[in-house]
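I have placed the structure first, in the form of structure tokens, so that the comments after it can refer back to it.
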Amino acid sequence: MSIVVYFALTWLLIGCFIALNNKMNLMESTVVFLVTLVVSINASWILIEEMELIQVTEQPEEYIGYLLNRSVITPLIVMIGIILMIKSENFISKAISYIGAFVLLTGVNYSLTYFGVFEFVNWNIIYDLIYFAALMLIAVLTYKSYHNLYDKEAVKHT
Amino acid sequence: MILWEQFDRNEIFVIAMLIVVYAIFFLVPKLFPKHITVLFLIIGFSIPVIFDFTIGGGMLNFYQINDSNAYELTDMLTYINFAPFAYFYIYFYERLAIKKTTFIPYTIIWVIIGFILEAVSKFMNVIQYQNDYTFYYSVIIFLVVLTFTVLFYELVKKKDPTI
């Protein structure tokens, strides 16, 4: 069951990502996606395999749900959050996009416990909120840094 | 996360490779704007991370990097080692003016380079195969990764006026 849910969610998020008018260019989108992906992969590995704060299922079907969440759903939600932040014209809308994204990330991650993909051993939803807020911050800072670098190079070129 | 289980030949090899690879990276004349260099360094770093934590660990666990399945500092240095390779692949693709007709031999040469590096890495205990994974399966990964890297670069070239 979980594989269907997370596959459908992946499809839905890809659809939303395409439908949104992405103000980031191809290079910026790639950098933000890959940095988020690398942080997400490393963090989940450290939390699950090294510190054993979360237990992950040993059933292959549910495990695919975990891989989809870690490697596709999480970076896509972060990307959508950043696109909405860039589109927002005032601070409140930007803050709502930021908070909305990490609350959604926390909700999706928590849903893994419902489907038996995760079992929180020494972990809870508050830690998840802090982790995803930090992940969003890393993604935003990555976007800002790369965007500035791109602008500098574009100015040099003109 | 540990530094390493035992400082032996795999750690020495990874550190030596790091010095050689980054020396070449800083010595070759610059060809791309900084944002393209950074982009391909990030791609080069991300690819081994994605593969290692998906098929090299967890449920599939087809290979072990360095001394153990635990996360070591040497593992991170190994991924950092890979970062300039995506850059070099694109660098020489542009420098040698590779076209559609020369793309296949160019990529085959890179697959051979990858194959040799993997054989040396295996000999130096940087990589150990497990769960029926064999050496030859890596060719599939090389072909897919190298082809997608070039396709992505061609897309970037179309979209980015600074190249």
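Within region B:27-38, residues that are at the interface with another protein chain (Cβ under 9 Å from one of its Cβ atoms) reach partners that are β-branched (Val, Ile, Thr) and open to solvent by 60 Å² or more (accessible area, probe 1.4 Å) with beta carbons closer than 9 Å, at six or more positions or on different chains, in the pairs B:Pro33/B:Ile163; B:Ile36/B:Ile163.
When A:Ile46 is tested against (1) touching a strand residue (DSSP E or B) at 6+ places or on another chain (Cβ under 6 Å); (2) open to solvent by 40 Å² or more (accessible area, probe 1.4 Å), exactly one condition is not met: (1).
Does A:Thr106 meet the test of being surrounded by 13 or more Cβ atoms within 10 Å (Cβ to Cβ), in contact with a Leu (Cβ under 9 Å, 6 or more places away or on another chain), farther than 19 Å from B:His35 by Cβ and not aliphatic (A, V, I, L, M)? So A:Thr106 fits the description; yes. Selection within region A:21-32: residues that are more than 9 Å from chain B (Cβ to nearest Cβ) and open to solvent by 40 Å² or more (accessible area, probe 1.4 Å). The member of this set that is modelled with the highest pLDDT is A:Lys23.
Name the single residue, out of those in region A:128-143 being surrounded by 13 or more Cβ atoms within 10 Å (Cβ to Cβ) and free of Cβ contacts under 8 Å to residues at least 24 places away in the same chain, that is nearest to A:Val35 (Cα to Cα). Result: A:Ala134. Return the residues of region B:33-42 that are open to solvent by 20 Å² or more (accessible area, probe 1.4 Å) and closer than 10 Å to B:Tyr87 by Cα; say none if nothing qualifies. Result: B:Val38, B:Leu41, B:Ile42. Can you find a residue that is more than 30 Å from A:Glu153 (Cα to Cα) and at the interface with chain B (Cβ under 10 Å from one of its Cβ atoms) anywhere in region A:70-88? Scanning region A:70-88, I find at least one residue that is more than 30 Å from A:Glu153 (Cα to Cα) and at the interface with chain B (Cβ under 10 Å from one of its Cβ atoms), so the answer is yes. Taken as a whole, region B:59-75 holds no residue that is open to solvent by 10 Å² or more (accessible area, probe 1.4 Å), within 13 Å of chain A (Cβ to nearest Cβ) and within 20 Å of A:Val32 (Cβ to Cβ). Only one entry of B:Phe26, B:Phe13, B:Phe51, B:Phe40 meets the criterion of being touching a helix residue (DSSP H, G or I) at 6+ places or on another chain (Cβ under 9 Å) and farther than 18 Å from B:Gln128 by Cα, and that entry is B:Phe40. Screening B:Trp110 on (1) in a helix (DSSP H, G or I); (2) within 14 Å of chain A (Cβ to nearest Cβ) shows it passes everything except condition (2). May I ask you to verify whether B:Lys158 is more than 14 Å from chain A (Cβ to nearest Cβ) and more than 16 Å from the chain's Cα centre (by Cα)? In short, no. The set of residues in region A:105-158 being away from chain B (no Cβ under 14 Å) and of a type in the set (Ser, Thr, Tyr) consists of A:Thr106, A:Tyr110, A:Ser111, A:Thr113, A:Tyr114, A:Tyr127, A:Tyr131. For beta carbons closer than 6 Å, sequence separation of 6+ or different chains, a first residue in region A:82-97 that is in a helix (DSSP H, G or I) and a second that is open to solvent by less than 30 Å² (accessible area, probe 1.4 Å) and among the hydroxyl-bearing types (Ser, Thr, Tyr), the qualifying pairs are A:Ile82/A:Tyr143; A:Leu84/A:Ser97; A:Met85/A:Ser97; A:Lys94/A:Ser88; A:Ser97/A:Ser88.
The values are calculated or read from the model by the stated rules, or taken from the named source; none is laboratory data. On a predicted model such as this, the values are computed, not experimentally measured, just so you know. Cβ: placed from backbone, ideal geometry, glycine included. Neighbour counts: every protein chain shown. SASA here: full protein model, heavy atoms, side chains in, ligands and nucleic acids out. Shrake-Rupley method; radii C 1.70, N 1.55, O 1.52, S 1.80 Å.
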